[in-house]
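Presented below is the structure to which this report refers.
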Amino acid sequence: MKPIKTMLIAPPHFLYFNSLGIPQLTGYLESKGRQVKQILVDTLFYDYFLSEEQLRKGFSYLRTNVNDNFRKDIISEIKNYLPIKQSFFTNKSLNKDLLSLILDNKDQVIKLVHQAYVEFKTKNTQVEKEQFRLNHLIIKFGLKISSLPYYPTKIDPIQGITMRYNPFSISELEEATEDTKENPLISFYKEYLFPEIKAYNPSLLGIQINHESQVIPAFTILKWVKKELPSIKVIVGGSLISYLKDQVIKIDRLWEYFDFLGIGMGEYTLDTLVGCLENNGDYQTVPNLLYRKNGSFLKTKFQDVNLNDLAVPHYDESKPKPIIPYFSSSGCYWARCKFCEYPYHHNKFGHYNSKAIDLIIDDLKHIKNEYDPHLVFFCDSDILPSRLDELSDALIQEDLDLDLFVWIRAEKEFTSKEFCQKLKKAGIKAACMGLEAGSQRINDEMDKGIQVSDVDTIIRNFYDVGIIANIFSIVGLPGETREEVLLTREFFQRNKEFIKGDISISSFMLSTYCLISINPEEFGIEILHPEDDQLYPILNYSIDHGLTPEEAALFRDRFQEEFNDSSYTDGKFFISTLE
Ligand code: SF4
């Protein structure tokens, strides 16, 4: 048996902290003695696009391209950056329009973008909240400039890369991976990523796709690997892939890019697959795998990953006081909300599984010693109040002095001020919960299982004890009337002064896999069938009562404008945790 090398890649997506999936898989494979190297492309990616060279390229494009649409686009977007005008330019020039100012002061702008990025890399969260917000906006602006030569492609610190191509249309996806003019990743990968893959020369390559913005970046890598290094076996996984697996297996063209799909959590899958490749074994022994053999698709047995088996993730973090993502349970313990696709992100519907509290404490001790984080960001979809109670007891006893961000459901237990005080004492710094609708009737119809009045109480409790509340809501859930949607507005009007984190307002989108889509007639919904040759995470639909999707989108925009500062909306969930 000859040990093989595995390389795991997380395509670019987000500047401010590591994604968790690949570090967790790497940590697990290392704990099993496997030879593995991970590349979290984010760091390289943002270093490259915030470099002086890329910024200068952006400026020369801005100066020489006077195409009307392009100018109009840029000018309308640049308005979002007015808060940085003051910090970029001297008072005497402030009466000029922002675009002229930028063009006339190229060197000054490049210097300020560079300063903001260096401050982020060297001080990270050790700057005041207002300074971090300003740096965020300057970095966002710098990326806007450096992505101009690839117009209309956009690069953003929070949204990653967005192209005009629909990543779920297979033809457009293929075009995007070949478009050297608009896809900035092709030249970036050639310079920075592909040589690393070649040098490491893995036998197995794993790529994770968790978000829509990672689809084109991932397939740009896959296309090159299959052409240049065809002997490498390739497995693709991640929550988006798990969610869309039934569609992916039917599209033959996609299988030219990879050999296997890993479904659900990938720790056992990867470890067993490595063993299988080393021993020339049978893929049927590898759990949670989809692959092709002689033209047909084979699915292997489901095996639950026991979270107690997992090692501490291999974080790739060198910044001071970082935000460290962590995961103490998988799935959702409730899994009943009819609009929610999350229970379908796993290999088995709504599968819930959790790690023992004493093992979590061991992990947190390690994280504290190694990274001294600003915040441990729990990625669990929600933590049961009883588990949070137990975890709080252990944290208080161990006196770890850590700050935690958690997702919860607005359960009755949190209406107790005493319980909230205990959470605060244990280190819970911020929490995020779904209100969904301000109308109790709509939440009941959706089987949300919470009381709107409890959310009011919890927000005030959190405010009183010093926990930052972040609230998610959805307007236009099926059957919601114009009168009912205004209850969501009233909810935020009466609570906004107590919500110190994010007020997130989205409009309802019909997930392809959710309880509503199984039985759309019950909600008066008619599904408009998607076109061929594409993946469809979301379905278009019409509805015979309540708000239409278009009306819901208008309410969303109206409420967002009313309750959010548009220039600082994104990132507020973690920026609000800074002092
Ligand atoms: S909305 Fe939240 S609580 Fe409801 S099923 Fe989805 S993840 Fe679970």
Relative contact order in percent for the range 321-575 (Cα pairs under 8 Å, 6+ apart) equals 17
Residues with beta-carbon under 14 Å from that of Asn201, excluding Asn201: net charge, scoring Lys, Arg +1 and Asp, Glu -1? +3
By residue number, which cysteines of the chain lack any other Cys whose Cβ falls under 4.7 Å from their Cβ? Cys276, Cys332, Cys379, Cys420, Cys432, Cys514
Just to check I understand the Karplus step: with θ = phi - 60° and J = 6.51 cos²θ - 1.76 cosθ + 1.60, what whole-Hz values come out for the range 219-232, glycine and proline as x? 6, 5, 6, 4, 4, 5, 4, 5, 7, 8, 10, x, 7, 6
Set of lysines with alpha-carbon distance to Lys2 below 18 Å, sequence-local pairs under 8 removed: Lys32, Lys37, Lys233
Would you mind calculating the relative contact order of the range 233-382 from Cα pairs under 8 angstrom and at least 6 residues apart, reporting the percent as a whole number? 23
Residue order for Phe14, Phe472 - accessible surface, 1.4 angstrom probe, largest first: Phe472, Phe14
Which order do Met7, Met265 take by accessible area at a 1.4 Å probe, largest first? Met265, Met7
May I ask which residue of Leu423, Thr488, Gly476 lies farthest towards the positive end of the charge dipole of the range 321-575, with charges of +1 (Lys, Arg) and -1 (Asp, Glu) on Cβ and the Cα centre as origin? Leu423
Could you tally the net charge around Gly466, taking each other residue with its Cβ under 13 Å from the Cβ of Gly466, Lys/Arg +1 and Asp/Glu -1? +4
Does the chain classify as rounded, prolate or oblate by the C-alpha gyration tensor (a ≥ b ≥ c root eigenvalues; a/c under 1.5 gives rounded; else a/b over b/c gives prolate, otherwise oblate)? rounded
With every protein chain in place, the accessible area of Ser203 for a 1.4 Å probe, in Å² rounded to the nearest 10, comes to 50
I want the local charge near Lys250. Using Cβ-Cβ distances under 15 Å, sum +1 for each Lys or Arg and -1 for each Asp or Glu among the other residues. -2
In debye, nearest 20, what is the charge dipole magnitude of the chain about its Cα centre with +1 on Lys and Arg Cβ and -1 on Asp and Glu Cβ, if you could check? 1520
Among the range 294-311, those whose backbone N falls under 19 Å of a label point 7 Å along Cα→Cβ from Glu278 are 310-311
Tally the DSSP beta bridges in the chain and give the antiparallel ones as a percent, rounded to 5. 35
With an 8 Å cut-off on Cα pairs and a minimum separation of 6 or more residues, tell me the relative contact order of the chain in percent. 13
Quick one: how many Å² of Phe498 are accessible to a 1.4 Å probe, rounded to 10? 40
State the answer as a single residue: which of Gln208, Val41, Leu307 lies farthest towards the positive end of the charge dipole of the chain, with beta carbon charges of +1 for Lys and Arg and -1 for Asp and Glu, about the Cα centre. Val41
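With both bridge residues required to lie in the range 321-575, what share of the DSSP beta bridges run antiparallel, to the nearest 5%?
Roughly 30 percent of the beta bridges in the range 321-575 run antiparallel, per DSSP.
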Convex hull of Cα atoms in the range 321-575, direction-averaged projection (nm²): 14.5
Compute the FRET efficiency between Lys37 and Gln440 as 1/(1 + (r/R0)^6), taking r as their Cβ-Cβ distance and R0 = 60 Å, and round to the nearest 0.05. 0.70
Rounded, prolate or oblate: which fits the range 494-579 when a ≥ b ≥ c are the square roots of the eigenvalues of the alpha-carbon gyration tensor, with rounded for a/c under 1.5 and prolate only if a/b beats b/c? prolate
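The values are calculated or read from the model by the stated rules, or taken from the named source; none is laboratory data. Keep in mind it's a predicted model, so treat the numbers as computed, not measured. Positions of Cβ are generated from backbone atoms using ideal geometry, with glycine treated the same way; all protein chains shown enter the neighbour counts. In case anyone asks, the SASA skips ligands and DNA or RNA and just uses the protein heavy atoms, side chains included. Shrake-Rupley method; radii C 1.70, N 1.55, O 1.52, S 1.80 Å.
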